[in-house]
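Have a look at the structure below before the remarks.
All of the numbers you see were taken from the coordinates with simple rules; none came from a lab. Note that this is a predicted model, so its numbers are computed, not measured. All Cβ positions, even for glycine, are placed from backbone atoms using ideal geometry, and neighbour counts span all protein chains on display.
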Amino acid sequence: MEEGKLVQMTINGIKKAVSKYGTFPMFHHGGYVMEDATFHFEDPASPQAISDLEKKLGVTFPNDYKEFLLQHNGMKMFDGVEILNIEGIIEYKDFPEGYVLIGYHFDGRYVIDTNKSRNGLGYMLYLDSIDPIEDAVNLDSNFEIWFDMLVSSNGTKYWEVSPNIQEYYKLVSE
């Protein structure tokens, strides 16, 4: 699958559900609707704004994350999960070189390790709210798999159940 395509598919799926149902229904494993999730999409970032951010931080973002920013410069979802916009990333740039805070999960933080992003998978990290970067949980995924799995799991910490990340593209394209 082409890098960035899963970002488009996930966003389109959210928008289709919201358009059809007026909301994004979150289903319990028993099959009933638990609650309705809310989503707020920011306007797209320009390629120049993304390039300027990369220069300012001294990093190169992975293509799938850039694809997200080109579609939506940040978003809020599940009443507690936020993917930061460019201004938010600049505001919270106090991480070691190569690490970029891109979002929040209630009391935790999502970070991209741009030093590892050239390798494909393994650059998405999760930190509790006060943990140093050395204590980060490696989510063993790229941005678009993380994003899709987060939405598919209704905003829960899916990585705590040890999914098989290496097989994910195969599963979503069948």
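At a glance:
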| read-out | value |
| --- | --- |
| 3J(HN,Hα) from dihedral phi, segment 69-84, Karplus parametrisation 6.51/-1.76/1.60, rounded to Hz, x for glycine, proline | 4, 5, 8, 8, 7, x, 6, 10, 8, 6, 6, x, 10, 9, 9, 5 |
| For segment 100-163, fraction of C-alpha pairs farther apart than 19 Å, in % | 22 percent |
| Spin-label pair TYR92/ILE130, simplified geometry with 7 Å Cα→Cβ offset, distance in nm | 1.7 nm |
| Highest to lowest packing among 41-53, 80-92, scored as the average C-beta count within 10 Å | 80-92, 41-53 |
| Distance in nm between pseudo-label sites at LEU70 and SER153 (7 Å out along the Cβ direction from Cα) | 2.8 nm |
| From phi via Karplus (6.51, -1.76, 1.60), per-residue ³J(HN,Hα) for segment 95-112 in Hz, x at Gly/Pro | 10, x, 3, x, 9, 10, 6, 10, x, 10, 10, 6, 9, x, 9, 9, 9, 9 |
| Percentage relative contact order, segment 106-165, counting C-alpha pairs under 8 Å, at least six apart | 25 percent |
| Amide H contacts of ALA37 (H built 1.01 Å from N, under 5 Å, at least 5 apart or other chain) | PHE24, MET26 |
| Rg/Rg_globular for segment 5-172, with Rg_globular taken as 2.2 N^0.38 Å and Rg from C-alpha atoms | 1.01 |
| SER141 long-range amide H proximity, modeled H, under 5 Å | GLY122, TYR123, MET124 |
| Taking segment 5-172 and dividing mean pair separation by its residue count, relative contact order in percent (alpha carbons under 8 Å, at least six apart) | 16 percent |
| Filter on LYS20/LYS76; LYS5/LYS76; LYS116/LYS170; LYS16/LYS93 - keep pairs with C-alpha separation over 24 Å | LYS16/LYS93 |
